Each structure stands twice: as C-alpha cells, then as structure tokens.
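Trainee: So that we are looking at the same thing, I have put the structure below in structure tokens.
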6 protein chains.
Amino acid sequence: MRSIGKVAVLSVLDEPVAAGPFRIITGQVGSMGIEKVVAAVETAAKREGLIADDHYRGEHALYHAVLEALHGVCRGQLELGSILRTAGLKFAVVAGPKAEDQTAEGRWLAVALYGHIGAPRKGFEHEVIGLGINHL
Amino acid sequence: MRSIGKVAVLSVLDEPVAAGPFRIITGQVGSMGIEKVVAAVETAAKREGLIADDHYRGEHALYHAVLEALHGVCRGQLELGSILRTAGLKFAVVAGPKAEDQTAEGRWLAVALYGHIGAPRKGFEHEVIGLGINHL
Amino acid sequence: MRSIGKVAVLSVLDEPVAAGPFRIITGQVGSMGIEKVVAAVETAAKREGLIADDHYRGEHALYHAVLEALHGVCRGQLELGSILRTAGLKFAVVAGPKAEDQTAEGRWLAVALYGHIGAPRKGFEHEVIGLGINHL
Amino acid sequence: MRSIGKVAVLSVLDEPVAAGPFRIITGQVGSMGIEKVVAAVETAAKREGLIADDHYRGEHALYHAVLEALHGVCRGQLELGSILRTAGLKFAVVAGPKAEDQTAEGRWLAVALYGHIGAPRKGFEHEVIGLGINHL
Amino acid sequence: MRSIGKVAVLSVLDEPVAAGPFRIITGQVGSMGIEKVVAAVETAAKREGLIADDHYRGEHALYHAVLEALHGVCRGQLELGSILRTAGLKFAVVAGPKAEDQTAEGRWLAVALYGHIGAPRKGFEHEVIGLGINHL
Amino acid sequence: MRSIGKVAVLSVLDEPVAAGPFRIITGQVGSMGIEKVVAAVETAAKREGLIADDHYRGEHALYHAVLEALHGVCRGQLELGSILRTAGLKFAVVAGPKAEDQTAEGRWLAVALYGHIGAPRKGFEHEVIGLGINHL
C-alpha cells in the first residue's frame, strides 16, 4: 500500500516508484538562502499544476509543507548561509490521497528534500533529508 | 556509489539495500515520550556493537545523531505527548564511512527514523522522516 | 470588513463582534500542560461541529492552528509546567472564509488564545495572546 | 478593570479604548526584515518618550517585549524574508501599570503587533498577532 | 573593572572574585527537570533577599534571566529528562549595577549556571555553561 | 583537576589557566553576522592546527561546537543583525582530553565565546557567554 510520504521520499532519492494515484514532480536547487529553496519548490509545483497559481489556499498548504521539510534539513535553525553553510538539494512534491486506501481524507501534499549540507567546499558536507506533509 | 545517509533511509523504509562497507541495524519504537525513542535507538546500537557500551564518546555521537533525526520527525519542537501527539517509528542505525569512496574521513553514524505521527487514534496521523549524521 | 483573525481575537477578549459568515465558539482552560490546552480546544471544536469528528483532515488543520496560537502564548518554547509556569486561558475558535470578501479561498480556521501566564501564584503573572490560522 | 496587554491589543486593532493610566502610541511598518520591525517600534517609543533615549535599561525592556511579540507573529522562527514571507504590521506600545489595580508592581511595557503575513502578493497572506510584556 | 556577568561566571566556577558593589549567592541543583533548576534558583534568590518575595516584578526579571542561562546549558531545546539527559549544575545569582562604572543604569540581575549534562551515568556527560542577564 | 570546558571559559575570560594537556587558542570577532563568528573561529583553529585543514571530520566537530556556544550567546534564535543586535566577542578554542583524568575518551574540542551583545551603540549592551563541546 503506497502512502504519500514514502512516494515522495523514494522519488527524491531517485528510487523506482509507481505513481499510482499520486502526481509527482521533482527538481533540484542549491543555495545558501532558505528562501531560494522555498521559491524553487513553489515555482515547480505551480508550473506543473500541483497547486493553483491564482489561489492562496494551495500555496499556504505547500508553504508549510516546505518549511516542515526544511526542519529535517536544517535540524534546529531554519538557516543556511547566515550560519555559514550551504545546501545542494533535490526535491519532490507529491499530490494525492494521504495513502492509497485513505481517499476519504481528501487531497494532501508531501514535500521531500534530500541532498547535502555543509561548508561551501567539495566533500565538506553530509547528507540530509526532510519531509513535510499537509492537507490541500 | 552508496552513502551512509541513503543507506540508512532505504533501510528504515524497508527498501532493498546492499550493506557494502556499512553495518546496519533496525528496530521500532512507538511512544509519546521522546526519551523512549532515544533509549530504544541507543540500546539497540549498543547491543549490536555499533557503539561501545563502556565509553561516552560513541554515545555522545549517537545521541546527537538521534536528536538531529528527531528534528525531522518533530519539525519545530522536540515534543510528543506534551503537545498531544504520539509517534510510531521504525529506526535504522548505520555505521561506516561517510560514503563508499570517502574512507579517508573515518567512521560515521547515521540514524534514520520513519513512521507516523499524530493523535493517538488510528488513521489520525501522517508520515514523518528524519535523518541525523555524526562523526564517530 | 470582518476577517477571521480579528473576529477570533475580539471574541477571545469578550469584545462585541457580529458573527456574520463566521461560526464562533469560546471556552476556557487553565493548565501547566500544553496538551491540556490542545485537548480543550479540539474537544470544543468537535462538540460544536466546527470540524468533523470522524475525519483527520479537519483535526490536522485545527491542531496546527492551535500550535501556532501557542507560539504567541509561550514565546519561544512550547512549554508550561516543565519550565515552571502555568497558564489560564480563554480560547475562541472561528470557522469561515478568510475574510468576508474572500469567499473564493474556501473555509479557514482561526484559533485565538488570551489569558495570563506566570508562576502558580495570584498576581505573579502577565497577559499573553496567540493566534493561529489555517485552511480547512 | 483595564490591563496593559488588553489595552495594547485593542489599540493595535483600532478598537476604542480609554487610556486611563496608560500611555499609548501606535504606528505601522511593512517589511521582509525583522530588524525593520524592531527599529520602527523602538524609534516610535523613544520619540514619544515611552522609554528614555539616553539609557539602555528601557531599551533593553522594550527590545525583549518586541521580540516576544514577534514570536506570536512568526510562530516558530523569527524570520521573514529569509524564509520568503513578508509582513505588514500595525504596532501599539503601551506604558503604565501591569493593570489598573496593580500599581504596586511599578511600570511595565506592552508591545502588540497585528497585521498580515504571507507571500509578497496581494491576498496571499493571513492575519497574525503578537503581544510582548516586560517590566520597565 | 568588574561587570555583573563576569562576576557571576567566576562565582559559579568557584574562582576568586571580590564582590565590590555586587551581591552574590551560589548553590547547586541536579535534576532531569528544568522546572527544578528554575525553582532552586528562585528559592535561593528570595531567601537571600536578592529579589523581593512579595512582588512579581523581581521574580519576572529573575525568571527570564534563568531561562536565558538555560539556553546556554541546553543549546537548542529547554529540555532535560524528556530528551533523556540529566544535568548537575552549580548556580550563581548576582545583583548590582551592570558594571562597576555603569551605576546610572540601575540594578541588574545575572544568573550563571555551570556543571555537567549527559546520560544519567558517571562520566557519560560533558560541561555546560549559561548566563542570563536582566534589568531589575 | 582541569576539564576542557573550564579551561576554555577561563581562557576566554582572560583568567590565568595552566594549559596542561590542552592546546588553547584565543581570538576576537565583532559582527552582526553569525557566519562571521563561525568563520573567525574556524579560521583560527585551522591556522593553529587544532583541526586539520584537509579533512571534513574535524571541521564538522568544530562547526557544531561553535553553534552550541552560539546558543549561549544568542539565547533563543541564532541571529544577530537580522533581529537588530550586534555582538563583540572573544573566543577560545581548546583541544585535548575531556578532562585531565579522562584520557581514555580520546580528543575533544571546546569552544567558548564571551563578550557583549546589544544595540550598535556604546553601553547599550550586556554580557553573554557560550560554551560548546564536541568529540574530535
């Protein structure tokens, strides 16, 4: 039984996953600014139609999902360059039911981030992952 | 090329992964107390010999890796029952190089947590993931 | 023009406010445990039908709105008795459009908390307020 | 019986309130930088004489009151533009007794903030409120 | 030139320091509960008359100074036993001018905490320090 | 019996301390940017050989020790200029055993920060201290 979070995590790890009832988009962003990560995910999700561009409601849902995923990436303070670190991240955004067998709960969003965080110097970094889930 | 974080995440998701140079243990814990999660991971890692039982050094490394993983799970406040939520989690602890091709950086630990968080009521929950990485 | 947040804040302050398109409930709770505050608000909102009792979706929306309101109350750490303080709070939960003229954005929830926080001793306390808003 | 926090909140909401023993100032500030909000409140409070310009003591009291109010506005991380959001806020600063009948406790400060937070796009935002109280 | 913070830190480290214009008290507390640390410091400060027992004002100043010192001790989350750690701490509370040559700024409080934090097992711990300063 | 944390704190306070088995370096940095503080400490520690310049492992250990020390300095949010405050700090970095009698636990790092934080205006500031300890 597929669930929205696991689908998002496997997608961001480039592992094979059948979409089933889920819509999946992926992309990547590298930055010392948290706001760049948020913008990259929002832009991709709107461009691909996972959330509507002309209503605040979906953007509000996505914004909080991204921030929650960033807590897993940042582990304490939602900061990158301001505490002298940079992140290179892939992202996956998934829209659909919370799980294949929970269609009565309406549509949800999952945002997964995976990549590396560390000093702006090759190899001086380690892996991070984050997942945020919100109702649409 | 396998890296310690991805190995930990795939292990905690029950996805197939070849251990290669990594030692992997897994387990599960459900609780409304963060301290129970920390204890379950520490006990398993010591019992299986991923960290020594009679030195503080390895426990210090593991403790901070678990707390970092819990940031991904808790997304803001390291609290469960005290803010009326419970978590059912699988965990994976991996010891080895930071990545297969980075043996010059010594031994590292990765802790991955995956499961569900929510109200203490079936279905009133969603998925969470967390990953903490530290040098041993 | 009435907006959901202002309606919630005026309601929790016992100021006169016309409900208009909004449904408003109020109550009170005093405790040294954050989880008691969350439970009191959730119980009232379900009993009065602002969110459905048999679906997670509305509870998820309300849970995060309460936590956001608690950030205003706690100002830094979502803790009461564990850092030796107690809170006596009134609460208001409002359901409806984000504002009277924004019906195209669907239904939203606002949770307002107002009261006193301090030592468990009469007069050794000061006022606090918090507001959380989420899409339903 | 009027209390300093309720006077501050009603003032920032533009609701009628009799000043009684309290001194009240109001203003507004819109920004993507937290430091601009702090500066706007401090400048207004000094210009109107609520705190002395030539002593640190009152500025220290006001600074912490503003930060506490900002916790209600930001709900988790004291950040605006760095996590891609902007705030348009009214502020009220009130100086006086903690409440009309508590003159034995000396002078206190209350800072209330009320407005909207969200994306830098009309309508893509919701209301926020914050209140900070400190002894002078 | 002596300053209130340095006097507090040297006192808590058992280093020699001349009191000069400062009043200094010290004590110790070991606990898995933050609230026990706060209570021990407050009780000692009231018993020795550094703050008045019958007014909230001084207790409010001291409470926030203790919480600020605890941020240095806890480094991220104001929690002890709830994240499976314990602390054995000495404390010093100092009342007086902010520094010997800054008497125009009135009376201030400094709270210093120093000791060990870690697992509840001898040697499985390391040192921590914290300092909180507030105007009285 | 000397311990690494106390040696770091006394060093940063310019108090006399015998190095014994510890290597001690000191320096100073004033800034409105946290990243400048991190960079100053890292640069000094590498230049003096407390950590290797060509491996990530030691930098990872030092980075987290600096962030932990900054929690004591910032007391809640790892931010300086972004919340309108500046810091003038001395720093000490110490490498060696966790304590003179604990050589079986390998090498550790301690980072102590001490100085003043406040508005960018002479005298409008108070003292702060922070200490971070990590295994090397």
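The values are calculated or read from the model by the stated rules, or taken from the named source; none is laboratory data. Being a predicted model, the structure only gives us computed values, none of them experimental. Note that each Cβ is placed from the backbone with ideal geometry, even for glycine, and that neighbours are counted across all protein chains shown. Protein only, heavy atoms only, side chains kept; ligands, DNA and RNA dropped before computing areas. Shrake-Rupley method; radii C 1.70, N 1.55, O 1.52, S 1.80 Å.
Trainee: Residue by residue through the range C:88-102, which ³J(HN,Hα) values in whole Hz follow from phi under the Karplus form 6.51 cos²θ - 1.76 cosθ + 1.60 (θ = phi - 60°), with glycine and proline marked x?
Mentor: Rounded to whole hertz, the list is x, 10, 9, 9, 10, 10, 10, 10, x, x, 4, 7, 3, 9, 10.
Trainee: Turning to a different aspect of this structure: Would you grab the residues whose amide H sits under 5 Å from the one on residue C:28? Only those 5+ places off in sequence or on another chain, please, with H modelled 1.01 Å from N.
Mentor: C:91
Trainee: If contacts are Cα pairs under 8 angstrom and at least 6 residues apart, what is the relative contact order of chain D in percent?
Mentor: 33
Trainee: Could you compute the longest span of chain A free of GluC sites (Glu not before Pro) located in DSSP loops and having at most 16 other Cβ atoms within 10 Å, not counting the site residues?
Mentor: The answer is A:49-99.
Trainee: Now for a different question. Given the C-alpha atoms of the range B:28-67, compute the convex hull and give its volume per residue in Å³.
Mentor: Cα-based convex hull of the range B:28-67, divided per residue, equals 60 Å³.
Trainee: Residues with amide H under 5 Å of residue F:136's amide H, sequence separation 5 or more or different chain, H placed in the peptide plane at 1.01 Å from N; which?
Mentor: It is F:107, F:108, F:109, by chain and number.
Trainee: What's the local net charge at residue D:38, with K and R +1, D and E -1, over the other residues with C-beta under 12 Å away?
Mentor: The answer is -3.
Trainee: For every other residue with a beta carbon closer than 13 angstrom to the beta carbon of residue F:109, add +1 if it is Lys or Arg and -1 if Asp or Glu, then tell me the sum.
Mentor: 0
Trainee: Within the accessible area of the protein assembly as shown, what % is carbon and sulfur when the probe is 1.4 Å and the other protein chains stay in place?
Mentor: 51
Trainee: Working only with C-alpha atoms, what are the Rg and Dmax values of the range A:65-136, expressed in angstrom?
Mentor: Rg and Dmax of the range A:65-136, Cα atoms, are 14.6, 48 Å.
Trainee: While we're looking at this one, here's another question. Could you tell me how many cubic angstrom of Cα convex hull volume the protein assembly as shown has per residue?
Mentor: Each residue corresponds to 137 Å³ of Cα convex hull volume.
Trainee: Using a Gaussian network model on chain D with a 10 Å cutoff between Cα atoms, which of D:109, D:67, D:84 fluctuates the most?
Mentor: Result for chain D, Cα springs under 10 Å: D:84 fluctuates most.
Trainee: Hey, another quick one. Say the cut-off is 26 Å between C-alpha atoms; which of B:46/E:122; B:46/B:122; D:36/F:46; B:90/E:36 go over it?
Mentor: Cα-Cα > 26 Å for B:46/B:122; D:36/F:46; B:90/E:36; rest within.
Trainee: Leaving out ligands, DNA and RNA, calculate the buried accessible area for the pair A and B with a 1.4 Å probe, summed over both sides, in Å² to the nearest 100.
Mentor: 2300
Trainee: Here's something else I'd like to know. Report which residues of the range E:60-75 become buried by 10 Å² or more of accessible surface when going from the isolated chain to the complete set of protein chains (1.4 Å probe; DNA, RNA and ligands ignored).
Mentor: E:60, E:63, E:64, E:67, E:68, E:71, E:72, E:75
Trainee: In degrees between 0 and 90, to the nearest 10, how far off the longest principal axis of chain F does helix F:56-74 point, with axes built from Cα atoms?
Mentor: Orientation of helix F:56-74: about 40 degrees from the principal axis.
Trainee: I need the calculated FRET efficiency for the pair residue C:121 and residue F:54, taking r as the beta carbon distance and R₀ as 51 Å, to the nearest 0.05.
Mentor: The formula returns an efficiency of 0.30 here.
Trainee: At 1.4 Å probe radius, can you tell me the per residue accessible area of chain F in Å²?
Mentor: Heavy-atom accessible area per residue stands at 33 Å².
Trainee: So, one more: With θ set to phi - 60°, apply the Karplus curve 6.51 cos²θ - 1.76 cosθ + 1.60 along the range B:35-43 and write out the HN-Hα couplings as whole Hz, x wherever there is a Gly or Pro.
Mentor: Working through the residues one at a time gives 5, 5, 5, 4, 5, 4, 5, 5, 4 Hz.
Trainee: Can you give the Kirkwood hydrodynamic radius of the range F:1-57 from its Cα pairs, in Å with one decimal?
Mentor: After inverting the pairwise mean of 1/r, the radius is 12.8 Å.
Trainee: Search the structure for amide H atoms under 5 Å from the amide H of residue F:129, placed 1.01 Å from N in the peptide plane, and list their residues when 5 or more places away or on another chain.
Mentor: When sequence neighbours closer than 5 places are left aside, the close amide H contacts are E:131.
Trainee: Run the 1.4 Å probe and let me know the accessible area of residue E:103, rounded to the nearest 10 Å².
Mentor: Probe radius 1.4 Å; accessible area of residue E:103 about 100 Å².
Trainee: Put a point 7 Å out from Cα along the line to Cβ at residue D:121; what are the distances to that point in the other copies, in nm, shortest first?
Mentor: Taking the point 7 Å beyond Cα along Cα→Cβ, the inter-copy spacings are 3.5, 4.0, 4.0, 5.3, 5.3 nm.
Trainee: Only Lys, Arg, Asp and Glu count, each charged at its Cβ (+1, +1, -1, -1), so figure out the dipole size of the protein assembly as shown about its Cα centre, rounded to 20 debye.
Mentor: For the protein assembly as shown, the charge dipole is close to 0 debye.
Trainee: I would also like to ask the following. On the principal axes of its Cα set, how long, how wide and how thick is the range D:1-127? Give whole Å, largest value first.
Mentor: Taking max minus min along each principal axis of the Cα atoms, the range D:1-127 gives 46, 33, 25 Å.
Trainee: Can you give the local net charge around residue B:128? Use residues other than it whose beta-carbon is closer than 12 angstrom to its beta-carbon, Lys and Arg +1, Asp and Glu -1.
Mentor: With Lys, Arg at +1 and Asp, Glu at -1, the neighbours total +1.
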